[in-house]
1. For labels at ARG158 and ASP5 in the simple 7 Å Cα→Cβ model, what's the distance in nm?
2. Any idea what the dipole of region 146-198 comes to, in debye rounded to 20, about its Cα centre with Lys/Arg Cβ at +1 and Asp/Glu Cβ at -1?
3. Could you point to the residue in SER182, ALA153, ALA231 farthest towards the positive end of region 147-274's charge dipole, with +1 and -1 charges on the Cβ of Lys/Arg and Asp/Glu respectively?
4. Using only DSSP helix segments of four residues or longer, with each worth -39500 (n - 2.57), what per-residue ellipticity at 222 nm results for the chain after dividing by its residue count and rounding to 500?
5. With every protein chain left in place, what is the accessible area of ARG155 in Å² (1.4 Å probe, nearest 10)?
6. What is the spin-label model distance, in nm, from VAL78 to ARG59 if the labels are put 7 Å beyond Cα along the C-beta direction?
7. Per residue, how much accessible area does region 122-207 show when a 1.4 Å probe rolls over the protein heavy atoms, in square angstrom?
8. Taking all protein chains as present, what is the carbon and sulfur share of the accessible area of the chain, in % to the nearest whole number, probe 1.4 Å?
Amino acid sequence: MTTFDFPALAEELLPSVIAAGAVELRHHAAGVAVERKPDSSPVTAADREAEALVLEGLRAAAPEVPVVAEESVAAGDVPLKGSAYFLVDPLDGTREFIKGSGEFTVNIGLVVDGVPVFGMIYAPVIRALFVTLGAGRAVEAAIAADERAPGLADRPLRALATRQPDFDALTVVTSRSHRAASVEAFLEGYAVAEIRRHGSSLKFCQIARGDADFYVRLGPTNEWDTAAGQAILAAAGGRVTTLDGAPLTYGNTPDMINPPFVAWGRDPIAPRKR
């Protein structure tokens with residue numbers, strides 16, 4: 001497996017990620033014109049400007065590693081992927097962004113041999129950065145988007161760790177923008193005490209923090225939607241599986257669309273009833 005120095009990578013990428021967040025905050029405050037991509041999903045100038053900043057940071061930090069970025073792919077730029085490649089969603093939660101919600105993020109994931117091993121997620125509105133710094137080590141840091149020289153070395157870091165679920169009172173996170181009857185049917189098999197609805201990759205971060213037990217997504221997602229969150233959650237003690245319990249892996253299909261999956265805080269939980 002290709003090896004990377006995750007703390008060094010995080011430090012090198014941080015300025016471009018924070019700058020992308022600042023661009024998004026500026027557009028968020030001013031309002032944006034919405035366009036439609038060929039698949040009818042929305043896109044804004046903030047998506048494109050943020051992606052350009054992140055790509056610049058990746059070229060400087062790891063020029064030898066291919067980058068698959070959402071807006072570049074939409075424009076027809078799909079690089080040849082090797083055993084290691086980055087996945088970028090420059091503005092995850094575009095629908096929430098357009099609605100004026102603060103639940104949007106900048107996502108960078110690194111996949112090696114089909115497995116997300118490094119993730120960086122920045123939520124500029126709540127000034128929260130989530131990042132993997134090694135195998136079994138994920139942290140959260142508070143960083144404002146207007147910081148001139150953001151860094152992690154001398155900053156307080158909160159270790160992320162998933163929690164042991166209470167099988168009689170589970171907390172579940174679901175999508176705010178993608179509500180489906182199939183998800184409600186899936187949850188009928190569990191003793192759910194609370195459902196929290198969130199946009200973007202913050203759903204993974206909620207579980208990694210130990211604030212929720214699992215997140216189920218039965219509709220289509222792209223690899224760049226999930227790679228960063230999956231890497232962070234795995235480092236915090238969680239797992240992401242397909243519905244049959246197999247690990248969610250990457251690079252399996254040309255269109256980079258994930259199958260239905262569940263992000264678990266610990267091991268998969270068997271349903272009690274149907």
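1. 2.9
2. 220
3. My answer, from the dipole projection, is ALA153.
4. After summing the helix terms and dividing by residue count, I get -9000 deg cm²/dmol.
5. 50
6. Each label point lies 7 Å from its Cα, and together they span 2.3 nm.
7. So region 122-207 comes to 47 Å² accessible per residue, rounded to a whole number.
8. Values: 6110 of 11650 Å².
Using a 1.4 Å probe with all protein chains present, the chain comes out at 52 percent carbon and sulfur.
The values are calculated or read from the model by the stated rules, or taken from the named source; none is laboratory data. Note that the structure is predicted; figures quoted are calculated from it, not measured. Here Cβ is always computed from backbone atoms with ideal geometry, including for glycine, and neighbour counts include all displayed protein chains. In case anyone asks, the SASA skips ligands and DNA or RNA and just uses the protein heavy atoms, side chains included. Shrake-Rupley method; radii C 1.70, N 1.55, O 1.52, S 1.80 Å.
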